[in-house]
Amino acid sequence: LSDLVLSVNSVVVPAKSFELSIDNDLDDDRFFNSNTMTAIVARDREITFKTRVPYGDATALYNLGAGTGIAVSAILTNGVQILSFQMANVVFPPMSPLVPGREEVMLDLEGRAYRSGDTTDDTTQELVTTLALV
């Protein structure tokens with residue numbers, strides 16, 4: 001992940017892993033007098049975010065965003081291409097770090113992204129994705 005800049009609550013954190021999952025909850029039963037599906041309709045959208053950070057470097061993130069959401073930003077750079085994922089309201093349920101003995105203690109952050117405001121404004125979506133060429 002050398003090309004990743006991950007910010008959680010406006011603080012850049014080193015990440016051991018990073019996962020962004022988008023589930024559109026597609027309706028897979030729309031055949032209506034046809035052998036093939038007549039349409040694919042998204043019923044809902046669930047966006048989840050997971051990362052694993054060193055607990056010693058990110059102790060301030062422990063139990064942060066449990067009730068109210070916090071901002072998460074992931075920017076991936078590859079030469080002149082920049083892919084940006086912005087989530088303004090990610091809620092992280094409380095999760096204690098595991099202490100595996102003499103290994104480094106890692107903090108697993110697993111949360112769900114929600115809208116951050118008005119439903120008619122695209123900038124308040126759960127996830128805003130941008131691909132830029134510089």
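The values are calculated or read from the model by the stated rules, or taken from the named source; none is laboratory data. Source: prediction; values computed, not measured. Cβ atoms come from the backbone with ideal geometry, glycine included; neighbour counts cover every protein chain shown. All accessible areas refer to the heavy atoms of the entire protein, side chains included, with ligands and DNA or RNA removed. Shrake-Rupley method; radii C 1.70, N 1.55, O 1.52, S 1.80 Å.
Take D118 and N35, extend 7 Å from each Cα along the Cα→Cβ direction, and tell me the distance between the two endpoints in nm.
5.0
More than 20 angstrom separation, counting every C-alpha pair in segment 1-109; what % is that?
So the portion of pairs separated by more than 20 Å is 52 percent.
Would you please give the residues with an amide H less than 5 Å from that of L107, counting only those at least 5 places away or on a separate chain, with H modeled from the backbone geometry?
Hits under the 5 Å cutoff: V53, Y55.
Quote the relative contact order of segment 74-129 in percent (integer), defining contacts as alpha-carbon pairs under 8 Å separated by 6+ residues. Numbers along the way, then the final one.
On the way: 77 pairs, mean separation 20.5, N = 56.
Taking the mean separation of contacting Cα pairs over the length of segment 74-129, I get 37 percent.
With a cut-off of 11 Å, note down the residues of segment 11-37 whose backbone N falls inside the zone around a label point 7 Å from the Cα of R43 toward its beta carbon.
Answer for segment 11-37: 25-30.
Once the piece of chain linking L26 and V134 is laid out straight, how much longer is it, given 0.36 nm per residue of separation minus the C-alpha distance between them?
35.4 nm
Ordering M95, M87 from largest to smallest accessible area (1.4 angstrom probe), what's the sequence?
Ranked from most to least accessible, the order is M95, M87.
Report ³J(HN,Hα) in whole Hz for each residue of segment 9-18, in order, from the Karplus equation J = 6.51 cos²θ - 1.76 cosθ + 1.60 where θ = phi - 60°; Gly and Pro get x.
Using θ = phi - 60°, the values come out as 6, 6, 10, 6, 10, x, 10, 7, 8, 8 Hz.
Can you tell me, using C-alpha contacts under 8 Å and at least 6 residues apart, the relative contact order of the chain as a whole percent?
Over the chain, the number comes to 25 percent.
Give me the log10 of I(q) over I(0) for segment 1-45 at q = 0.17, 0.20, 0.22 Å⁻¹, as the Debye formula computes it from C-alpha points; what are the numbers?
Treating every Cα as an identical point scatterer, log10 I(q)/I(0) equals -0.64, -0.72, -0.79.
So, how do all the Cα-to-Cα distances of segment 92-134 break down into 5 Å bins, in percent, from 0 on up?
Once binned at 5 Å, the Cα pair distances of segment 92-134 give 5, 17, 13, 12, 12, 13, 11, 9, 6, 1, 0.
For segment 1-132, with all protein chains present and a 1.4 Å probe, just round the carbon and sulfur fraction of the accessible area to a whole percent.
On segment 1-132, the fraction of accessible area on carbon and sulfur atoms equals 50 percent.
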